[in-house]
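K.L.:
My questions will all concern the structure given below.
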Amino acid sequence: MSEAPQAEGGPVRPLTALAFATIGFVALAIFGLGMTSLATGEAVIDTPGLGQIPGATGFVLATLAFAGGLWAAIGRAGPTDATAPPGAAPRRAAPPRAAPPGAAPPGPTGPGRSGPDGARGAVPGHPSFWGAVWTAAACFVAYVGGVWIAALATGTDLAVATAVSGRLATSWFGLAVAAAAFVCAWSGIALVRTRARRPRWPWEDA
């Protein structure tokens, strides 16, 4: 008995894309902060006595904001987006069943409408790349806000906590976190949207 051929390409499942993109964001953000510190000759947080808690808290909240923002963008992608092989023809809808004598005719069907069985039409979501913008903005706010809240929680004065978070928001460090979030969120959305096939050797097409 021969096995059915497996799909060679196509979209990545949303959960898989979220995992890869989140790991990539953590790595790229750490790299970006380190390179920015090396290039500018300044520490990410250079306030004496502040400790590591504010910076670590801000980074954790930024990571959570990234995962939440990206999932909001790609979580509605239907299973068909992640399982249908590229180039496959869409499945035709089943013809409506004949209504019994005296029954009201079924309502119109289509995306977002109820079908003959009362179920709403299953239309796979198509995530927008605008989600990368909102995810980057959420990460930026979460990072700066997390540092500010954690600094206050550790007993730092309000003026000092505001100065530290304001410096991050107006320096290259905040931009590095936002840029890493945008690149990785865009990549995660692209993984869900892609219809590309894997690379093939010339003899595979022979």
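K.L.:
Set the Förster distance to 35 Å, then compute FRET efficiency between ALA43 and ALA72 from the Cβ-Cβ distance, nearest 0.05.
P.N.:
E between ALA43 and ALA72, to the nearest 0.05, is 0.60.
K.L.:
Could you list the trypsin sites (Lys or Arg not before Pro) in the stretch 153-195 that lie in coil according to DSSP, counting only those with at most 15 other Cβ atoms within 10 Å of their Cβ?
P.N.:
Sparse-neighbourhood loop trypsin sites (Lys or Arg not before Pro): ARG195.
K.L.:
Measuring from a point 7 Å past the Cα of PHE129 along Cα-to-C-beta, which residues in the stretch 147-190 have an amide N at less than 17 Å?
P.N.:
179-190
K.L.:
If you stretched the chain out fully between VAL60 and ASP205, how much longer would it get, using 0.36 nm times the residue separation minus the C-alpha to C-alpha distance?
P.N.:
47.5 nm
Laboratory data are not the source of any read-out in this text; all were calculated from the coordinates shown. Predicted model, so just to flag it, every value in this text is computed and none were measured. Heads up, the Cβs are rebuilt from the backbone with ideal geometry, glycines too, and the neighbour counts pull from every protein chain shown.
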